[in-house]
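**Student:** Okay, here's the structure, questions in a sec.
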Amino acid sequence: MSPRTLFRTLAFAEAVTWTLLLIGLVLKYVTGTTELGVQIGGGIHGFVFLCYAAVAAFTWINQKWSAGTGLLAIASAVVPYATVPVEKRLDRSGLLDGGWRLAEGGEAPKGALESVQAWVLRRPWLALGLTLAGVAAVFSFLLFMGPPDTWFA
C-alpha cells in the first residue's frame, strides 16, 4: 500500500467516524433518547483518530513534509471533516506522491525517526502488531478515563 493510499484511506475513515460521533451526540443531547450512539460512535472515532494521527506522522516522515504541513495534517483530525480537504490539498500538491522511500532497498535512514520508519517498513507485520497494541493501550486508557466532558467535573 502506498503512502498516498494509506493516508487517503485513514483521512476518509476519520471523517466517517466523525459522522458516527455527531449522530451519537444528537441522539444524546438533542433527542435525549440514548447514550449508546456516543459510547459506540465515540469509541470508534477515538480509535480511528489515533490511527489517523499515527499514519499522518508516518507519512510526514516519509514524504519529508515541512513542520507546518505535518502539523496541519495531524491537527485536521480535531475539526470535523477537515481531514478530507487537507488530504485533497496534499494530493493535488503532489505531497502524497511516491512510494515508501525507506523500505528495503530504498534510501538509507538519516536520524532516529527515519531509522524507526525504516525498521517498520522492513518488518511490517511485527510493526503492525506492536502499533495496534500501542494504540489499543492508549485507547483503553482513554476509555478508562471516561468521556472528556467528565475529566474536569
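**Student:** So is Y81 crowded, with 16+ Cβ neighbours inside 10 Å, among the hydroxyl-bearing types (S, T, Y), at pLDDT 95 or above and under 30 Å from L27 (Cβ atoms) or not? Reasoning before the result, please.
**Tutor:** Values: crowded, with 16+ Cβ neighbours inside 10 Å: no; among the hydroxyl-bearing types (S, T, Y): yes; at pLDDT 95 or above: yes; under 30 Å from L27 (Cβ atoms): yes.
The answer is no for Y81.
**Student:** Whether any residue in region 119-142 is hydroxyl-bearing (S, T, Y), open to solvent by 40 Å² or more (accessible area, probe 1.4 Å), touching a residue at least 60 places away in the same chain (Cβ under 8 Å) and at positive phi is what I want to check. Lay out the reasoning, then the answer.
**Tutor:** So the first thing to find is which residues in region 119-142 are hydroxyl-bearing (S, T, Y), and the list is 131, 140.
Narrowing further to those that are open to solvent by 40 Å² or more (accessible area, probe 1.4 Å): 131, 140.
With touching a residue at least 60 places away in the same chain (Cβ under 8 Å) added as a condition, the list becomes 131.
Right, trim to at positive phi and you get none.
No: region 119-142 contains no residue that is hydroxyl-bearing (S, T, Y), open to solvent by 40 Å² or more (accessible area, probe 1.4 Å), touching a residue at least 60 places away in the same chain (Cβ under 8 Å) and at positive phi.
To keep it simple, each residue is scored yes or no on (1) touching a His at 6+ places or on another chain (Cβ under 6 Å); (2) within 17 Å of M1 (Cβ to Cβ); (3) of a type in the set (A, V, I, L, M); (4) modelled with pLDDT of 90 or more.
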residue	(1), (2), (3), (4)
K88	no, no, no, yes
G106	no, yes, no, yes
G134	no, no, no, no
F144	no, no, no, no
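**Student:** Among L22, L27, L72, which is more than 18 Å from M1 (Cα to Cα), at pLDDT 95 or above and hydrophobic (A, V, I, L, M, F, W, C)? Let's see the steps before the verdict.
**Tutor:** Details: L22 fails: at pLDDT 95 or above; L27 fails: at pLDDT 95 or above.
Sole residue among the options that is more than 18 Å from M1 (Cα to Cα), at pLDDT 95 or above and hydrophobic (A, V, I, L, M, F, W, C): L72.
**Student:** Continuing with the same structure: With the checklist (1) crowded, with 17+ Cβ neighbours inside 10 Å; (2) farther than 23 Å from L22 by Cα in hand, flag the one item F49 doesn't pass.
**Tutor:** Unmet condition: (2).
**Student:** Given the conditions (1) in contact with a Leu (Cβ under 7 Å, 6 or more places away or on another chain); (2) at pLDDT 95 or above, which single one is not true for A57?
**Tutor:** With (1) in contact with a Leu (Cβ under 7 Å, 6 or more places away or on another chain); (2) at pLDDT 95 or above applied to A57, the lone miss is (1).
**Student:** Quickly run through region 30-45 and pick out the residues that are in contact (Cβ under 8 Å) with a residue 24 or more places away in the chain and either surrounded by fewer than 18 Cβ atoms within 10 Å (Cβ to Cβ) or not small (G, A, S) (or both). Full working, then the answer.
**Tutor:** Filtering region 30-45 down to residues in contact (Cβ under 8 Å) with a residue 24 or more places away in the chain leaves 38, 41-45.
Correct list: V38, G43, I44, H45.
**Student:** Kindly provide the set of residues from region 89-111 that are open to solvent by 80 Å² or more (accessible area, probe 1.4 Å) and either under 13 Å from Q63 (Cα atoms) or hydrophobic (A, V, I, L, M, F, W, C) (or both), ordered by number.
**Tutor:** Across region 89-111, the qualifying residue is only D97.
**Student:** Same structure again: When both residues are 6+ apart or on different chains and their Cβ atoms are under 7 Å apart, which pairs have a first residue that lies in region 5-22 and is open to solvent by less than 30 Å² (accessible area, probe 1.4 Å), and a second that is assigned to a helix (DSSP H, G or I) and of a type in the set (S, T, N, Q)?
**Tutor:** Final answer for the pair search is F7/T59; A11/T83; E14/T83; A15/T83.
The values are calculated or read from the model by the stated rules, or taken from the named source; none is laboratory data. If you're wondering where the values come from, they're calculated on a predicted model, not measured in any experiment. As a convention, Cβ positions derive from the backbone with ideal geometry for all residues, glycine included, and neighbour counts pool all protein chains shown. Remember, those area values only see protein heavy atoms, side chains included, never the ligands or the DNA or RNA. Shrake-Rupley method; radii C 1.70, N 1.55, O 1.52, S 1.80 Å.
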